[in-house]
Amino acid sequence: IGDGLRPGSIADANDEAQFAELKTQGELTRRAWKYGVQVMNEGPGHVPMHMIHENMQKQLEWCDEAPFYTLGPLTTDVAPGYDHITSGIGAAMIGWYGTAMLCYVTPKEHLGLPNKDDVREGVITYKIAAHVADLAKGHPAAQYRDNALSKARFEFRWEDQFNLSLDPEKARSFHDETLPQEGAKSAHFCSMCGPNFCSMKITEDVRRYAEEKGVTAEEALNEGMAQKSREFKEHGGEVYVSKNQ
């Protein structure tokens with residue numbers, strides 16, 4: 001059941017016309033159910049973040065928890081060209097609150113007919129929004145996937161990171177822009193921090209050092225911090241020192 005009076009701008013969000021129509025959707029839903037007809041309710045639209053929860057609650061109440069699907073909602077009107085993002089924010093929120101299905105929005109929304117690349121960008125954005133909502137609702141499969149990617153990241157399993165991501169093709173291409181060599185797929189760093197400042201590589205080194213010394217990782221960290229503090233004082237407490245120091 002469509003909603004022709006859904007808000008077309010933030011200024012119209014949750015107005016009298018929108019909510020009157022939502023009540024009518026509820027009436028039509030119950031009439032359809034009476035004859036065994038399946039129903040899904042269409043939702044907004046353009047709704048700022050602080051008004052999204054009210055939309056979901058009223059739909060659940062007035063439409064007897066019939067499945068709700070929404071176009072976003074878009075959370076601001078001032079970002080033409082980025083409405084896949086403005087709507088993705090709203091989609092994640094209303095997905096968390098209980099909507100049944102998300103209708104994707106492309107970067108071309110309000111500007112023109114989307115091409116296949118725009119559609120791809122919109123679909124990926126909404127896959128992210130749906131996953132974020134599943135995480136917030138405690139969906140075990142969503143949490144499992146996050147845990148798996150996080151573990152792959154810590155262990156520098158680059159191919160697993162790419163394949164576990166929601167857009168493997170883009171993740172792989174971004175990595176390969178700066179480290180295209182095949183050997184980089186097994187390297188324990190990326191081009192952001194390099195080989196000397198990767199926090200995960202440093203953590204690995206600390207754990208290995210602690211194991212060799214027969215101490216805990218925390219003790220090894222404290223020892224290292226104390227050593228660096230002494231060196232800092234010995235060099236006069238200066239952040240920048242000459243090379244020969």
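Taking percent of Cα pairs over 34 Å apart as calculated from this structure, the corresponding entry among [x] 42; [y] 15; [z] 12 is [x]. Peptides 175-188, 149-162, ordered by how many other C-beta atoms sit within 10 Å of their residues on average, highest first, read 149-162, 175-188.
Only helical runs count toward this figure. For the chain, summing -39,500 (n - 2.57) over DSSP H runs of n ≥ 4 and dividing by all residues gives -18000 deg cm²/dmol at 222 nm.
Structural descriptor for the chain: relative contact order 10 percent, calculated from alpha carbon pairs under 8 angstrom and at least 6 residues apart. Would you work out if segment 112-179 is rounded, prolate or oblate? Take a ≥ b ≥ c from the square roots of the eigenvalues of the alpha-carbon gyration tensor; rounded if a/c is under 1.5, else prolate when a/b is larger than b/c, oblate otherwise. Oblate shape, in that a/c is at least 1.5 and b/c is the bigger or equal ratio. Take each peptide in 95-104, 57-66, count the other Cβ atoms within 10 Å of every residue, and average; sorted highest first, the result is 95-104, 57-66.
Every number here is computed from the coordinates shown, using simple stated rules; none is lab data. None of the values given here were measured: they were computed from a predicted structure. For neighbour counting, all protein chains shown are included, and Cβ atoms are generated from backbone atoms with ideal geometry for every residue, glycine included.
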